[in-house]
Amino acid sequence: MYQDVQELYNFYYNTRLGVLAQKILSEKILHFWPNTKGLTVVGYGFPLPVMSSLLKDAKRGLVLMPNEQGIMAWPAANRNISLLCEETQWPLSTGFIDRLVILHGLETCENPRDLLLEVYRVLGPGGRALFIVPNRLGLWARRDSTPFALGSPYSLGQLERQASACGLLPKTHKAALFFPPSDKKFWQKLSPSWEATASKLSRHFAGGVLMLEVYKQIPAPTRPGLGAIVRKPLVILEGLTKPGGKPAATPRKT
């Protein structure tokens, strides 16, 4: 079950807790990929909270949003790069992507294995994918007021096994969002020190989300169904709705 794109937008851009989560995740992702100069960077699901930091020096960028979730134009201050697609049929050629980040995409999809096979298909030689998913052992997956409570949370072992079965080999991992998912200012003020301390103590326990970087196994594992066709996007939103540093607030669903 996917969350509506408007609800995701409201959480990350209109709540203090969401803005804080966006800041922490954006900082964490740079630990994996500090330099994307000259690379093709793609996000799937609702990756907008972490995409800006990855696209500064990238050769090209693209955002894919699943049809079941809905879509909004992004970025608001430049040419739109968002498009709508089927969750397991992306309108990209095989080997197109250098860096792929999936946020609010894997845990909510109906066919996770097919999604992982599609990730394998579109990654190029030397490509990397980063999955950001709710941690089964963390507090955020148990708080209904956050988007991490929707879908199926993962343990690190489950995520690694599922990815490996589709030819995506684990490279490194981290956890994030160690502080309680509370709207109270007391906990939010303590979040920087909490995050710094907990990150040193644990790489996957207790954090609200797991971040797993994978790379593409070559040659591919033996299995049918790794197609090489380029699919057509369902919808491409063109133009901008308003200036500013965040996405347009008017989503579109089909």
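No value in this document is a laboratory result; all are computed from the given coordinates. For clarity, every value in this text was computed on a predicted model and none was experimentally measured. Every residue, glycine as well, gets a Cβ built from its backbone with ideal geometry; the counts of neighbours run over all protein chains shown.
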- Query: Which cross-chain or sequence-distant (5 or more) residues have an amide H under 5 Å from the amide H of Thr36, H modelled 1.01 Å from N in plane?
  - Reply: Asp57
- Message: For Gly138, what residues show an amide H to amide H distance below 5 Å, using hydrogens built from the backbone and excluding near sequence neighbours?
- Response: none
- For region 116-180 and region 1-41, write down the distance between their C-alpha centroids in whole Å. 14
- Query: Tell me, what ³J(HN,Hα) does each residue in region 64-80 have, in order and in whole Hz, if you take phi through Karplus 6.51 cos²θ - 1.76 cosθ + 1.60 with θ = phi - 60° and put x for Gly and Pro?
  - Reply: 9, 10, x, 4, 5, 8, x, 9, 9, 5, 7, x, 6, 9, 7, 4, 5
- Message: Rounded to the nearest 20 debye, what is the charge dipole size of region 1-69 about its Cα centre when +1 sits on each Lys and Arg Cβ and -1 on each Asp and Glu Cβ?
- Response: 380
- Table column - 3J(HN,Hα) (Hz), region 26-43, Karplus curve with 6.51, -1.76, 1.60, x for Gly and Pro: 5, 5, 5, 5, 6, 5, 7, 10, x, 9, 10, 4, x, 9, 8, 10, 10, x
- Note on the structure: Once the in-chain neighbours fewer than 8 apart are removed, the aspartates and glutamates whose Cα is under 19 Å from Lys216 read Asp98, Asp114, Glu118, Glu160
- Item | Residue pairs, from the table Lys37/Lys174; Lys28/Lys184; Lys28/Lys171, whose Cα atoms sit over 21 Å apart | Lys37/Lys174; Lys28/Lys184
